[in-house]
Amino acid sequence: QVQLVESGGGLVQPGGSLRLSCAASGRFLSIDTMAWYRQVPGNQRELIAAINSGGSTNYLDSVKGRFTISRDNAKNTVYLQMNSLKPEDTAVYYCNADVKIYTWQRAMNYWGQGTQVAVSS
């Protein structure tokens, strides 16, 4: 059983910063792509940043230059540094990962439980 556990959400003023963390635990061989999504009630979940096992990244246009995704493979952890936060960044943020458990099976996709980020004065 693979679990993704997020931390670091909270309430912050506009222009402020937060750092989200997501740690993977359980029995597995490796983790391929790790990503962060966010969702506002009534809207679809949207991909905001992803990083592959080699460290290549991609971002949603609206967060480029403000958010940075990184990972520590030794700790099986992905981070999202969020700077210059705006009220429109308010959402539940979810961690996502493609995890390889068996050599003969393709990677399986897992989600964290979500962490609330609220940007308000």
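Quick notes
- Accessible area per residue for the chain is 55 Å², calculated with a 1.4 Å probe on protein heavy atoms, without ligands, DNA or RNA.
- Remark: the T103-V2 segment gains 34.8 nm on full extension, using 0.36 nm per residue and subtracting the alpha carbon distance.
- Heavy-atom accessible surface of the chain: percent carbon and sulfur, 1.4 Å: 47 percent
- Derived scalar couplings between HN and Hα for the range 5-19 equal 10, 8, 7, x, x, x, 9, 9, 7, x, x, x, 10, 9, 10 Hz in order, rounded to whole Hz, by the Karplus curve 6.51 cos²θ - 1.76 cosθ + 1.60 (θ = phi - 60°), x for Gly and Pro.
- For the chain, built as a Gaussian network whose Cα springs stay under 10 Å, the top-fluctuating residue of T90, T33, T103: T103
- Amide H to amide H, with H built 1.01 Å from N, I48 comes under 5 Å of W36, Y37, R38, counting only residues 5 or more places away or on other chains.
- The amide H of G114, built 1.01 Å from its N in the peptide plane, has E6, C95 as neighbours under 5 Å, considering only residues 5 or more places off or on other chains.
- Highest mobility in the GNM of the chain, judged by mean-square fluctuation with C-alpha springs under 10 Å and restricted to I101, I48, I69, is found for I101.
- Taking chymotrypsin sites (Phe, Trp or Tyr not before Pro) as exposed when DSSP calls them loop and at most 13 other C-beta atoms lie within 10 angstrom, the chain has its longest site-free stretch at 1-101.
- Whichever aspartates and glutamates have a C-alpha closer than 15 Å to that of K75, once near sequence neighbours (fewer than 8 apart) are set aside: E6, D32
- For N109, net neighbour charge (Lys/Arg +1, Asp/Glu -1) across residues whose Cβ lies under 15 Å away: +1
- Loop-resident sites, the range 39-121, for trypsin sites (Lys or Arg not before Pro), counting at most 16 other Cβ within 10 Å (DSSP): R45, K64, R66, K75, R106
- Under 12 Å, Cβ to Cβ, from A24 - net charge with Lys/Arg +1 and Asp/Glu -1: 0
- With contacts taken as Cα pairs under 8 Å at a separation of at least 6 residues, the chain carries a relative contact order of 36 percent.
The values are calculated or read from the model by the stated rules, or taken from the named source; none is laboratory data. None of these values were measured; they are calculated from a predicted model. Glycine also receives a Cβ, built like all others from the backbone with ideal geometry; neighbour counts cover every protein chain displayed. Remember, those area values only see protein heavy atoms, side chains included, never the ligands or the DNA or RNA. Shrake-Rupley method; radii C 1.70, N 1.55, O 1.52, S 1.80 Å.
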